Amino acid sequence: MSFMKLTASALAVAAVSASAAAARDNLQVAGSSTVLPYASIVAEAFGENFEFPTPVVESGGSSAGLKRFCEGVGENTIDIANASRAIREKEIKACAEAGVTDIIQVRIGYDGIVFASQLDGPAFTAFEPADLYNALAPKVVVDGELVDNPYTMWSEFNAELPEAEILAFIPGTKHGTREVFEEKVLAAGCETTGALEAMIASGMSEDDAEDACIAVRTDGKSVDIDGDYTETLASIDSNPNAIGVFGLAFYENNTDKLKVATMSGVVPETATIASGEYPVSRPLYFYIKKAHIGVIPGLKEFAQFFVADEIAGPDGPLSAYGLVSDPELADTQAMIENEETM
């Protein structure tokens, strides 16, 4: 996607040159498939507006990107990791053990996790977290008892859902989207249906019950997708009755192929995510290796460009692709300017 060239002054970013000496001159970015479309848009615009080469942006998932980020410091390691969740303590520890001790956390905005089906497939217009739990959990509550999941059709536990076989394509465990899906959908549904209480009543510890709440069935009704959203879309194309989990931006770029489900009666869109009305949303991040600032040309400038008002603000191009602007964007801009680490 091309944009009109933006002047450096309009973005309040100082004009710079790519002449700084370094072992490599292009930024290396990897990580979240949710952040990928935003980072790609910014990378292309950055290449058009600055003398630096266009950054190389790869996907692979939040966990995979952070793992690469934490491999160490130097020209053979990436500069930025994109993530659709916050970095974990164990990842910070792994980074430190490899010499990555100064990390700048940048929150770029917010995104919604949406559930979408084939354009000509069934309409899922009555989803609650309890429905996803009943459809995908290994054990559910039936007539007050915790039993192995007997459900094969959506309509068997909610008459407002279609008479279609249960089949869901969900993000694999290396994706940040999976963590949010587990917390805000499966865990919430587990509690709502009474399954969490039943597990504890059966003798499970609270910790074990919480872990069991986010497990998914292994009989083919729930399928992990380890690739990016294009793989999920291909699976939906091949399975007319299936539902898939996507980031809002990806869905909005594929409305000619997908129709979105409501959650708790709310349609996922920028306005409902910004207001907090849509219940399945999360912040998006990227992480900068501070040791690479001043070594890899354009690293700080790219970060500043990414969160400039004209890019990540409510009227910027990222908003048009589904990013909900962060109301604290000015604080993030100041943090990058001052190179404040976690």
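The values are calculated or read from the model by the stated rules, or taken from the named source; none is laboratory data. What you see is a predicted model, and the numbers here were worked out from it, not measured in a lab. Because the Cβ atoms are built from the backbone with ideal geometry, glycine has one as well, and the counts that use them run over all protein chains shown. Note: areas computed on protein heavy atoms with side chains; ligands, DNA, RNA excluded. Shrake-Rupley method; radii C 1.70, N 1.55, O 1.52, S 1.80 Å.
Side notes on the structure shown:
- A straight chain from THR101 to THR341 at 0.36 nm per residue would run longer than the Cα-Cα distance by 85.5 nm.
- Listed pairs LYS139/LYS289; LYS174/LYS259; LYS93/LYS257; LYS67/LYS221; LYS221/LYS290; LYS93/LYS300 exceeding 32 Å between Cα atoms: LYS139/LYS289; LYS93/LYS257; LYS221/LYS290
- Per the Kirkwood formula applied to alpha carbons, the chain shows a radius of gyration over Rh ratio, Rg over Rh, of 1.01.
- Working from label points 7 Å from Cα in the Cα-to-Cβ sense, the THR173 to SER264 distance is 2.8 nm.
- Per residue, the convex hull volume that the Cα atoms of the stretch 241-342 enclose (Å³): 137
- For the pair the stretch 193-212 / the stretch 291-342, the C-alpha centres are spaced 42 Å from each other.
- Spin-label model, THR152 to ASN76: label points 7 Å out along the Cα-to-beta-carbon direction sit 5.4 nm apart.
- Per-residue ³J(HN,Hα) for the stretch 320-331, Karplus 6.51 cos²θ - 1.76 cosθ + 1.60, θ = phi - 60°, Hz, x for Gly and Pro: 5, 9, x, 6, 8, 4, 7, x, 9, 4, 4, 5
- Förster radius 35 Å - calculated FRET efficiency between GLU197 and THR255, Cβ distance, rounded to 0.05: 0.30
- Interchain or long-range residues, amide H under 5 Å from GLY109's placed H: LEU284
- Taking amide H as placed 1.01 Å from N in the peptide plane, SER264 has its amide H under 5 Å from the amide H of PHE127, GLU128, each at least 5 places away in sequence or on another chain.
- When the alpha carbon coordinates of the stretch 25-92 are projected onto the principal axes, the ranges are 37, 26, 15 Å, largest first.
- Dipole magnitude for the chain: computed about the Cα centre from +1 point charges on Lys and Arg Cβ and -1 point charges on Asp and Glu Cβ, it is near 840 debye.
- Take every Cα pair under 8 Å whose residues are at least 6 apart in sequence, average their separation, divide by the length of the stretch 206-333, and the relative contact order is 16 percent.
- Efficiency of FRET from Cβ geometry, GLU277 and ALA234, R₀ 22 Å, rounded to 0.05: 0.10
- Using the rule -39500 (n - 2.57) for each DSSP H run of four or more residues, divided by the residues of the chain, the 222 nm mean residue ellipticity is -8500 deg cm²/dmol.
- Computed 3J(HN,Hα) for the stretch 147-162, one whole-Hz value per residue from the Karplus formula 6.51 cos²θ - 1.76 cosθ + 1.60 where θ = phi - 60°, is 10, 4, 4, x, 7, 10, 10, 4, 6, 5, 10, 8, 5, 7, 8, x, glycine and proline marked x.
- Whole-Hz couplings from phi, Karplus 6.51/-1.76/1.60, listed for the stretch 169-184; x for Gly and Pro: 9, 10, x, x, 5, 7, 8, x, 4, 5, 4, 5, 4, 5, 6, 8
- Spin-label zone in the stretch 299-322 - amide nitrogen under 15 Å from a point set 7 Å from the Cα of ARG24 along the C-beta vector: 299
- Net charge of neighbours whose Cβ lies under 13 Å from the Cβ of TYR251, counting Lys and Arg as +1 and Asp and Glu as -1: -2
- Close amide H pairs (under 5 Å, H built 1.01 Å from N) link GLU58 with VAL29, ALA30, GLY31, residues at least 5 positions away or on another chain.
- Charge sum, other residues only, whose C-beta stays under 14 Å from PRO150's C-beta, Lys/Arg counted +1 and Asp/Glu -1: -3
- Each of ASP309 and ARG88 was given a label point 7 Å from its Cα along the Cα-to-Cβ line. The distance between the two points is 3.9 nm.
- Taking every C-alpha pair closer than 8 Å and separated by at least 6 residues, the mean separation divided by the residue count of the chain gives a relative contact order of 27 percent.
- Just the protein heavy atoms count here, and of the accessible area of the chain at 1.4 Å, carbon and sulfur take up 49 percent.
- Theoretical FRET efficiency, 1/(1+(r/R0)^6), r = Cβ-Cβ of ASP143 and GLU183, R0 41 Å, to 0.05: 0.90
- The antiparallel fraction among DSSP beta bridges confined to the chain stands at about 70%.
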